[in-house]
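All remarks here apply to the structure that follows.
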Amino acid sequence: MIATFTIPGITPSQNIYDRLHWSKKHALRNEWYYTILSVCGRNDSKAPPAHLTTSRVAKRLLDIPNLAAGQKFLIDALVEYKWLCGDGPQDVLSFTTIQRKAEKGEEQHMIVTIEYN
């Protein structure tokens, strides 16, 4: 089974997270949790281990370490709402993150694909 979601907005770089006050980090975390809940809802069944792919479509590209690390709240929200059974290596069998520049007039967004075993 495959679940694919298009999420409005983009995850920020880890550099952005690192510079935020703890209260701003908490607010950003809540924003991602609410966004995932509103787009994906809650998964009622127990999620098996899965392969996770994220695609970030943005005006600017990030360096690879900041791209992956900046998706922490997105992944945590997928775990919270039971789309992933956890975020450990036994739960997420592979994690692929790609990015591309948004076309002129295209809104920034994330595409999340979860492929269950």
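For region 50-79, how many residues are outside any helix (DSSP H, G or I) and of a type in the set (D, E, K, R)?
Looking only at region 50-79, we keep the residues that are outside any helix (DSSP H, G or I), and these are 50-63, 70-71.
Right, trim to of a type in the set (D, E, K, R) and you get 56, 59-60, 63.
So the count comes out to 4.
Scan region 12-19 and give yes if some residue there is without any contact (Cβ under 8 Å) to a residue 12 or more places away in the chain and over 15 Å from the mean Cα position of the chain (by Cα), otherwise no.
Checked against the condition, which is being without any contact (Cβ under 8 Å) to a residue 12 or more places away in the chain and over 15 Å from the mean Cα position of the chain (by Cα), region 12-19 yields at least one hit.
For the structure I just gave you, tell me whether residue 55 is of a type outside the set (Asp, Glu), loosely packed, with under 13 Cβ neighbours inside 10 Å and at pLDDT 95 or above.
No.
Within the bounds of region 38-49, is there any residue that is assigned to a helix (DSSP H, G or I) and either surrounded by fewer than 17 Cβ atoms within 10 Å (Cβ to Cβ) or of a type in the set (Lys, Arg) (or both)?
For region 38-49, residues assigned to a helix (DSSP H, G or I) and either surrounded by fewer than 17 Cβ atoms within 10 Å (Cβ to Cβ) or of a type in the set (Lys, Arg) (or both): present.
Kindly provide the set of residues from region 88-108 that are within 13 Å of residue 61 (Cα to Cα) and in contact (Cβ under 8 Å) with a residue 60 or more places away in the chain, ordered by number.
Residue satisfying the conditions is 108 alone.
Just name the residue that is farthest from residue 20 (Cα to Cα) out of those in region 58-100 that are loosely packed, with under 12 Cβ neighbours inside 10 Å and of a type in the set (Lys, Arg).
The selected residue is 100.
Name the residue that is farthest from the chain's Cα centre (by Cα), counting only residues in region 82-117 that are among the basic types (Lys, Arg) and part of a strand (DSSP E or B).
This residue is 101.
The values are calculated or read from the model by the stated rules, or taken from the named source; none is laboratory data. Since we're looking at a predicted model, the values are computed, not measured. All Cβ positions, glycine included, derive from the backbone under ideal geometry; neighbour counts span all protein chains shown.
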